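To start, the structure itself, in structure tokens.
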Amino acid sequence: MRSLVLALAAFASASTFGADEKLENRFNDPFFQLSAAAPSCPEPLGPLMTEDEAIRDTHHRLERGQRCYLEKRCRYSSSYQYDPEIAQAIQAAVRDGRFKVPKESSLWILVQGRRVFAYGCVPAGYRAGGLRDQLRRIPDVEVAVEDVRTGPRGTVGYRVR
């Protein structure tokens, strides 16, 4: 028994030291830049994570959306299966003018499990909630959040690269 405990402890220690600390978009979450007109705006970390963070997030991601699917209220068995379509719909709305990107802004979009996050910087005078309201009108978006700095100075609330 003691040798089993020692072996498990050695394995746990080795796997911790061997963990990949490289930041990657490990789940292929859609993440793209909408505008780049505020040069001092910090780039968000977006979906980049370490291997350990991905392992911790896996269970939650596997379950997200299954209940909706089992109750026959959703097309897909995972909320994350909607994400490429949502990202494409946002980009199409920007291209054809249905989605208004504030002038003099630097903005990034992250789509994760039918939740859309707008990160970046917008000019002084921006009406709070404008991006969020537009994102909510995109088909299949459940939640839209904007996390932006208004004006050229100050800090941002999101994790940066």
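The values are calculated or read from the model by the stated rules, or taken from the named source; none is laboratory data. The model shown is predicted, which means the values in this text are computed figures rather than measured ones. FYI the Cβ positions are ideal-geometry reconstructions off the backbone, even for glycines, and counts take in every protein chain you see.
Here are some notes:
- Flag for Ala118 being modelled with pLDDT of 95 or more, part of a strand (DSSP E or B) and under 18 Å from Val145 (Cβ atoms): yes
- Of all residues in the range 92-108, those satisfying the criterion of being in a helix (DSSP H, G or I) and closer than 27 Å to Gly151 by Cβ are Ala93, Val94.
- Test: residue in the range 83-99 that is under 14 Å from the mean Cα position of the chain (by Cα), surrounded by 20 or more Cβ atoms within 10 Å (Cβ to Cβ) and more than 25 Å from Ala37 (Cα to Cα): yes
- Qualifying residue in the range 54-61 (condition: in contact with a Leu (Cβ under 9 Å, 6 or more places away or on another chain) and surrounded by 15 or more Cβ atoms within 10 Å (Cβ to Cβ)): no
- Failed item in (1) over 30 Å from Gln66 (Cβ atoms); (2) surrounded by fewer than 16 Cβ atoms within 10 Å (Cβ to Cβ); (3) not polar (S, T, N, Q), with Pro139 passing the rest: (1)
- Set Val145, Val111, Val156: member being surrounded by fewer than 18 Cβ atoms within 10 Å (Cβ to Cβ) and assigned to a strand (DSSP E or B): Val145
- Of the residues contained in the range 121-131, one or more are found to be crowded, with 20+ Cβ neighbours inside 10 Å and in contact with a Lys or Arg (Cβ under 7 Å, 6 or more places away or on another chain).
- Test: residue in the range 106-117 that is closer than 16 Å to Gln33 by Cβ and of a type in the set (Ser, Thr, Tyr): yes
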